[in-house]
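Asker: Submitted below is the structure of interest, expressed as structure tokens.
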Amino acid sequence: STIVLDGLGGKVTPEQKEYLEIALRNVRQLQAMVGDLLEAARAESGKLVIHQRGVSLNLSVDETLGTFSANARQKGIQLRQYVPGDLPLLYVDPRRLKQILTNLIDNALKFTQKDGSITVRAGVFGEDPDFIHVSVTDTGCGLSPSDAERVFDRLYQVDNSIDANRNGLGLGLHITKELVVRHGGRIWAEGKVGEGATFNFIMPVFSLKRLLQSLFDNDGQPIS
């Protein structure tokens, strides 16, 4: 599709270009669905691999929001972040952290109207300073109490998405929860119908003790 759209196979008429762009969007949606199915299968079989190390949350948030800036601007949605520069490093898999942030911000975009906003905040978790609390808040259509309890369930979908063209399998938030839990964290949702929603998660802070623990098994033997 991209080869034809780029004109490498010959001149494309405006009408043909429109149809090709529709086909390409559908192909990418199917690709995302297949990716979600594979991730869900890995999670259920215990094969969801993570490689934890010291990671800057500030950098991860900057890079993730940057990938959504054009899409948000086109929809008239403002992206904001309040992440202190002096936060300690997280003990996470950097690729998986971006996957978590991407899933939550992408989900927020689905439910936020024009002239709305999405805000990422972070700080030391009040209940345990060995964890960092991250939240993604939107000004969208909100969550009912029942949706907040079930939104991370496998195949569960909230049916009031603003973008009717963005139909998925209901696996994105389920996979996000699996990733957070695999890091030793926790995730939960809050909101009210018509007043937006907030998705919260906590991740462990990097420490020498955690790093050394990752190098040895439960019997104190080095992991090969």
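The values are calculated or read from the model by the stated rules, or taken from the named source; none is laboratory data. Everything quoted here is computed from the prediction, not taken from an experiment. Here the Cβ is made from the backbone with ideal geometry for all residues, glycine too, and neighbour counts use every protein chain on show. Remember, those area values only see protein heavy atoms, side chains included, never the ligands or the DNA or RNA. Shrake-Rupley method; radii C 1.70, N 1.55, O 1.52, S 1.80 Å.
Asker: Being among the acidic types (Asp, Glu) and either open to solvent by 100 Å² or more (accessible area, probe 1.4 Å) or modelled with pLDDT under 80 (or both) is the filter here; which residues of segment 6-31 pass it? Full working, then the answer.
Answerer: The initial filter retains those residues of segment 6-31 that are among the acidic types (Asp, Glu), namely 6, 15, 18, 21.
Selection gives 6, 15, 18.
Asker: Continuing with this model, one more query. Out of the residues in segment 151-192 meeting the condition of being among the β-branched types (Val, Ile, Thr) and modelled with pLDDT under 80, tell me which one is surrounded by the most Cβ atoms within 10 Å (Cβ to Cβ). Break it down into steps so the answer makes sense when it comes.
Answerer: Initial filter on segment 151-192 (among the β-branched types (Val, Ile, Thr)): 151, 158, 162, 175-176, 180-181, 187.
Pick out the ones that are also modelled with pLDDT under 80 and you get 158, 162.
On the way: 158: 19, 162: 16.
Selected residue: 158.
Asker: What pairs come up if the first residue lies in segment 62-82 and is over 13 Å from residue 117 (Cβ atoms), the second is open to solvent by 60 Å² or more (accessible area, probe 1.4 Å) and part of a helix (DSSP H, G or I), and their beta carbons are under 9 Å apart, counting only those six or more places apart or on different chains?
Answerer: Close Cβ pairs satisfying both conditions: 63/98; 64/98; 67/98.
Asker: Going through 108, 148 one at a time, which residue ends up being surrounded by 22 or more Cβ atoms within 10 Å (Cβ to Cβ) and part of a helix (DSSP H, G or I)?
Answerer: Working: 148 fails: surrounded by 22 or more Cβ atoms within 10 Å (Cβ to Cβ).
The conditions single out 108.
Residue-wise test of (1) in a helix (DSSP H, G or I); (2) surrounded by fewer than 12 Cβ atoms within 10 Å (Cβ to Cβ); (3) modelled with pLDDT under 95.
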{"residue": "39", "(1), (2), (3)": "yes, no, yes"}
{"residue": "43", "(1), (2), (3)": "yes, no, yes"}
{"residue": "49", "(1), (2), (3)": "no, yes, yes"}
{"residue": "112", "(1), (2), (3)": "no, no, yes"}
